[in-house]
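Let me begin by presenting the structure, written as structure tokens, before commenting on it.
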Amino acid sequence: MEARAIQRTVRQSARKMRLVIDLIRGRGVAEAVAILRFSKKRAARQIHKVLKSAVANAQQAAQRQNAPFDADQLRVKYAVVNEGATLKRFTAAAMGRATPILKRTSHVEIHVASDTAPAPAAKAAPATATNAEPKAKAKAKAKPKKKAAASKKKKTTKKASR
């Protein structure tokens, strides 16, 4: 089951909101909600609303399909914050000038999907004594032994000339 929720034109910059959205990406919904509830960032409140909406949308989709629903098995599959429209305002500056103020907005999009556990992979056959011996011999042949005799380097001295 997959569902999404989008909130547009949130009155906070995307750069600040991305700091919070990075904390919950890929996590389980219960863990993400706990992170957002105890975060000190203002963006956490808006992202929490979007996450709750995405979970509610998943629940509604499950009811429409008459499928079982468990919110604890949902994960944050996709979470992104994009820039929205920028509100342009001006304030008075020195010598009769005006200075622009950019009030940035952002769009929050979260997708949640049910966490389906993959089928357990078949275990590899354990190494037996017959399999291990040829491998050990091949490794021993492949590594050449280092020569004990080290080459002597001649020291050259330069005479100071004036």
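Answer yes if at least one residue in the stretch 80-96 is touching a residue at least 40 places away in the same chain (Cβ under 8 Å) and under 28 Å from THR116 (Cβ atoms), and no otherwise. The answer is yes, given that some residue of the stretch 80-96 is touching a residue at least 40 places away in the same chain (Cβ under 8 Å) and under 28 Å from THR116 (Cβ atoms).
Out of all the residues in the stretch 1-27, which are under 24 Å from ALA85 (Cα atoms), among the aliphatic types (A, V, I, L, M) and in a helix (DSSP H, G or I)? Passing the criteria: ALA14, MET17, LEU19, VAL20, ILE21.
One residue alone among ALA30, ALA67 is assigned to a loop (DSSP other than H, G, I, E, B) and of a type in the set (A, V, I, L, M), and that residue is ALA67. Of the residues making up the stretch 95-114, those that are of a type in the set (S, T, N, Q) and outside any strand (DSSP E or B) number 1. Report yes if some residue within the stretch 79-94 is farther than 22 Å from GLY26 by Cα, part of a helix (DSSP H, G or I) and among the hydrophobic types (A, V, I, L, M, F, W, C); otherwise report no. Checked against the condition, which is being farther than 22 Å from GLY26 by Cα, part of a helix (DSSP H, G or I) and among the hydrophobic types (A, V, I, L, M, F, W, C), the stretch 79-94 yields at least one hit. Of all residues in the stretch 72-88, those that are farther than 20 Å from LYS16 by Cα and surrounded by fewer than 16 Cβ atoms within 10 Å (Cβ to Cβ) total 1.
I'd like to verify a number: residues in the stretch 13-50 that are within 15 Å of HIS107 (Cβ to Cβ) and crowded, with 20+ Cβ neighbours inside 10 Å, how many? I'd like the intermediate steps shown before the answer.
Applying the first criterion (within 15 Å of HIS107 (Cβ to Cβ)) to the stretch 13-50 yields 13-18, 20-21, 43, 46-47, 49-50.
Still in the list and also crowded, with 20+ Cβ neighbours inside 10 Å: 17, 20-21, 43, 46-47, 50.
Final tally of qualifying residues: 7.
Taking the conditions (1) in contact with a Pro (Cβ under 9 Å, 6 or more places away or on another chain); (2) surrounded by 15 or more Cβ atoms within 10 Å (Cβ to Cβ) in turn, THR91 satisfies each one other than (2).
Here, each number is a calculation from the coordinates, and none is a lab measurement. Predicted model only: the values in this text are computed from it and were never measured. Every residue, glycine as well, gets a Cβ built from its backbone with ideal geometry; the counts of neighbours run over all protein chains shown.
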